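The structure appears right after this line, and notes come after that.
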Amino acid sequence: MRARKRFGQHFLEPAWVAKLVTAIDARPDEAVLEIGPGRGAITLPLASRAGRLLAIEIDRDLAAALEARALPRVTVVTGDFLDLDIPAVVETWLGAPLGPESAVRVVGNLPYNVSSPILFRLLELAATTGGLRDAVLMLQAEVADRLIAAVGTAEYGVLTILTGLGAETERLLALPPGAFRPAPKVRSAVVRLRFRPPPVPIADPALLVAMVRSMFTQRRKTLLNALKPFAADLGCETSEALSNAGIAPIRRPETLQLVEIARLADTFAAVRR
């Protein structure tokens with residue numbers, strides 16, 4: 001089957017499939033959820049190693065072709081990962097609620113146009129259910145760079161911070177365009193997210209997320225100016241919150257460590273009216 005542009009499909013070449021499966025290192029006692037199995041290049045070798053595998057595919061034709069192969073220990077679900085009720089789908093598949101006692105591993109060659117929404121959905125599922133152990137994901141190299149970016153760099157931003165709240169991230173592989181057919185115009189990378197609770201206490205997670213998104217829309221400004229719209233919505237003064245958090249107003253968003261971001265968000269939560 002030809003790759004469909006509207007689904008952002010790029011199929012991995014066999015040599016790279018082997019490297020990816022080795023990096024995943026699935027075990028017979030593990031349950032694996034694969035996002036976007038496509039033609040099943042990764043599905044087949046993974047299914048031979050894992051205890052069971054759930055493949056979620058948005059392309060009806062590819063899903064039907066994969067299901068027709070009747071691979072042992074493989075369950076195929078047709079649908080958009082972002083629209084499906086994943087806890088309900090997994091409970092039907094495993095026969096147990098998604099949670100610490102029935103946790104799954106996630107694998108995916110993600111369409112680059114929806115990789116960030118899928119990342120945030122995985123982080124949400126991990127935080128609310130405790131049922132995701134890790135995720136090994138194929139991403140555009142630029143997105144991978146943002147996931148593992150250091151404080152103070154141009155790549156450090158919303159994706160770095162919000163991912164860092166819920167997971168430890170490492171780069172496993174770097175792939176050239178020629179690793180895929182058709183070859184994309186960008187480089188790719190494989191990363192592993194190991195899900196865990198936030199490393200710092202947070203009084204109001206939703207407020208922190210809103211604050212981070214707001215201040216990084218004006219990342220070139222000082223914190224005093226970048227946070228003004230956010231502070232105004234809360235009915236408080238930016239200078240007061242920064243002072244209470246012990247953060248200099250002349251600093252810029254990309255200079256804040258995660259612990260400082262959490263402290264600032266808690267300060268905003270305390271002074272809002």
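Among Phe268, Phe216, rank each residue by its count of other Cβ atoms within 10 Å, from fewest to most, as a rough exposure measure.
So the residues, fewest neighbours to most, are Phe216, Phe268.
Starting from segment 14-111, pick out the GluC sites (Glu not before Pro) whose DSSP state is loop and whose Cβ has at most 14 other Cβ atoms within 10 Å.
Loop-located and lightly packed - Glu101.
Calculate the dipole size of the chain relative to its Cα centre from +1 charges on Lys and Arg beta carbons and -1 charges on Asp and Glu beta carbons; express the result in debye to the nearest 20.
Charge dipole, the chain, about its Cα centre: 820 debye, nearest 20.
Per residue and in cubic angstrom, what volume does the convex hull of the Cα atoms of segment 68-117 have?
Numbers: hull volume 6.0 nm³, N = 50.
It comes to 120 Å³ per residue, whole-number rounded.
Over segment 21-60, one equal point on each Cα, no solvent: what is log10 I(q)/I(0) by the Debye formula at q = 0.16, 0.21, 0.26 Å⁻¹?
-0.35, -0.58, -0.84
What relative contact order, as a whole-number percentage, does the chain give when Cα pairs under 8 Å and 6 or more residues apart are counted?
Working: 480 pairs, mean separation 39.0, N = 273.
The normalised contact order for the chain reaches 14 percent.
In the chain, if the dipole is taken from +1 on Lys/Arg beta carbons and -1 on Asp/Glu beta carbons about the Cα centre, which of Ala55, Ala127, Thr22 is farthest to the positive end?
Thr22
Here are a few candidate values for P(r) over Cα pairs in 10 Å bins from 0, in percent: (i) 7, 30, 36, 21, 6, 0; (ii) 6, 24, 26, 17, 12, 9, 4, 1, 0; (iii) 7, 28, 30, 20, 12, 4, 0. Which one was actually calculated from the structure I just gave you?
Read-out from the structure maps to (iii).
I need the calculated FRET efficiency for the pair Ala210 and Ala23, taking r as the beta carbon distance and R₀ as 51 Å, to the nearest 0.05. Don't skip to the end; give the middle numbers.
Details: r = 35 Å, r/R0 = 0.69.
With R0 = 51 Å, the Cβ-Cβ based efficiency is 0.90.
Tell me, how many Å apart are the Cα centres for segment 185-206 and for segment 208-243?
Comparing the Cα centres of segment 185-206 and segment 208-243, I get a distance of 22 Å.
We did not get these values from a lab; they are worked out from the coordinates using the rules stated. Just so it is clear, the model here is predicted, and its values are computed rather than measured. Positions of Cβ are generated from backbone atoms using ideal geometry, with glycine treated the same way; all protein chains shown enter the neighbour counts.
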